[in-house]
1. Kindly indicate the residue of the range 174-184 that is surrounded by fewer than 20 Cβ atoms within 10 Å (Cβ to Cβ) and touching a strand residue (DSSP E or B) at 6+ places or on another chain (Cβ under 7 Å) and also nearest to SER222 (Cα to Cα) among those meeting that condition.
2. Please name all residue pairs, on different chains or six or more residues apart, with Cβ atoms under 7 Å, provided the first residue is in the range 49-63 and is free of Cβ contacts under 8 Å to residues at least 60 places away in the same chain and the second residue is part of a loop (DSSP other than H, G, I, E, B) and surrounded by 14 or more Cβ atoms within 10 Å (Cβ to Cβ).
3. Among the residues of the range 205-228, what is the count of those that are closer than 29 Å to PHE165 by Cα and in a loop (DSSP other than H, G, I, E, B)?
4. Just to verify a result, which residue in the range 49-86, among those that are of a type in the set (Gly, Ala, Ser) and out of contact with any strand residue (DSSP E or B) (no Cβ under 6 Å at 6 or more places or on another chain), is farthest from LYS108 (Cα to Cα)?
5. Taking the stated definitions as given, is LYS101 out of contact with any Cys (no Cβ under 6 Å at 6 or more places or on another chain) and surrounded by 17 or more Cβ atoms within 10 Å (Cβ to Cβ)?
6. What residue, of GLY111, GLY132, is under 25 Å from VAL90 (Cα atoms) and in a strand (DSSP E or B)?
7. Which residue pairs have Cβ atoms under 7 Å apart, sit 6 or more places apart or on different chains, and have a first residue in the range 137-152 that is within 27 Å of THR200 (Cα to Cα) and a second that is open to solvent by 80 Å² or more (accessible area, probe 1.4 Å) and part of a loop (DSSP other than H, G, I, E, B)?
Amino acid sequence: MKKILCLFSALALVVSSCSSDDAVDASASLKPSKIAFSYSDPKENYATDMKYEGSKLVSETDSDGSILKYSYVGDLISKIEEFKSDNVLVTTTEYSYSAGKVASVTVKDAGATKYYKTKYTQNGDGTVSFEGFYVNATTGAEEEGGKVGKYTFKDGNLVKSESSFYGKANATYTYEYDSKKTPNANVPGLKLLLDAEEDTSVNNVVKITGTSATSSYVSTFSYVYNNNNFPTEKKHFSDNGKLTETAQFTY
């Protein structure tokens, strides 16, 4: 009888271990396949469908037929192209890297004579400085865009964004987070895109405080999570506490 009990205990341990491993494996592969956005005016509601190749996001298609297409060099996102529903190219955003970190982001609107380029510098204290430039679409010549700033990170989260415009303080944003996983936790390429700001963070933002020389505001966010601690719902509230947007995630 004791041998049988011991055998049963061992089997239970194996099953428990396998179940735990399966849960970990499932969590490690979860990626959003659809996000449904809703607003106070139902006419504004829409949904975005995501497609992947492995862990790489390759496209996002909105309800109106517009689409974002992602290109890669290795595991790094090199280009995002935005197309209208009639397949007309609207904007191309190009990314360059240095030592696996984003070094520049260039936004090219179709038909524009000038593009906007942001250059990033990784600082020794863990902050990232950035500076904007206008780029001649024909010659590639660059001229100062006037905007400079700095991102401050802590524990993988963007906690502060500061910027100035032609030497005058422009705006400062501070960010607070929960301890849960973001919807894109398993989409590594997106985490490097500094132009996405707080969306590159490892946790979900719960509060954004913005201040400038003339005004200030606070946005707050609430979440519903699944058993794997991924958000299934995100609500955005404005400065006056009014619900402005609800996003529902399908994995």
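1. ASP178
2. Correct list of pairs: MET50/PRO32.
3. Number of matching residues: 4.
4. Ranking the candidates gives GLY54 first.
5. So LYS101 does not fit the description; no.
6. Numbers: GLY111 fails: in a strand (DSSP E or B).
Among GLY111, GLY132, only GLY132 is under 25 Å from VAL90 (Cα atoms) and in a strand (DSSP E or B).
7. GLY146/TYR166
The values are calculated or read from the model by the stated rules, or taken from the named source; none is laboratory data. All values derive from a computational prediction rather than experimental measurement. A quick note on method: Cβ atoms are made from the backbone with ideal geometry, for glycine too, and the neighbour counts reach across all protein chains shown. For accessibility, only protein heavy atoms count, side chains too; no ligands or nucleic acids. Shrake-Rupley method; radii C 1.70, N 1.55, O 1.52, S 1.80 Å.
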